[in-house]
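Have a look at the structure below before the remarks.
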Amino acid sequence: MAKLPRLSKKKDDDPFAPERGPLLTVRFAIALLLIVAGIAWILYYYFGVRPEGGFGALNDQGKPVQPGGPSFIADLEGKNYLIGFVLLFLGLAVSAHPSTPLGRGRGVVVGMLGCFLIGLLWICIFYIFLTGKDPDYIAVFTDLGQKNLFVGIAFMAVGFTFATRWE
């Protein structure tokens, strides 16, 4: 009876093995850029453009609080969240491609479970803290209101893009 050769585990331990592909690709750089741009857009709008108490808030003299930052961003009001989250989710979806570290091997599981858990936590935080008689104030969550459900479900949908890559 012929003896089968043993498989070497060195290929599995080497993160730079040729079968796995390069760690940083153009697609992965674009995905990271989109993710960072989406998060930065949301943070800039929330802390730099949005009026202190939100649009429609009044100051001490009873006049509306004026937004800061560029007027074209202030004119978009709540649509800035849409722009930021679309960039974020697009970046996550692009990173699910097999040419990126998140799109192959263990990265798929990390991306998939990460998106599922973030989506679940997003919805749970919304229901626990922002619904009921006396809602708490949580940055971004309070501005989005019921749209928080869309954000949580969108995170889960991006998780399914990772799930399609799972082998």
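The values are calculated or read from the model by the stated rules, or taken from the named source; none is laboratory data. Remember, it's a predicted structure, so these values are computed and weren't measured experimentally. Note that each Cβ is placed from the backbone with ideal geometry, even for glycine, and that neighbours are counted across all protein chains shown. The accessibility values were calculated without ligands, DNA or RNA, using every heavy atom of the protein model including side chains. Shrake-Rupley method; radii C 1.70, N 1.55, O 1.52, S 1.80 Å.
A few points about this structure:
- Each Cα pair of segment 61-167 feeds into the Kirkwood radius, which the Stokes-Einstein equation turns, at 4 °C and 1.567 mPa s, into a diffusion coefficient of 83 µm²/s.
- Sequence ranges 96-103, 107-114, 68-75, ranked by mean other-Cβ count within 10 angstrom, highest first: 96-103, 107-114, 68-75
- Carbon/sulfur fraction of accessible area - segment 89-134, other protein chains in place, 1.4 Å, %: 77 percent
- Theoretical FRET efficiency, 1/(1+(r/R0)^6), r = Cβ-Cβ of residue 134 and residue 46, R0 25 Å, to 0.05: 0.65
- Only Cα pairs under 8 Å and 6+ residues apart enter the sum, and on that basis the relative contact order of segment 37-167 stands at 26 percent.
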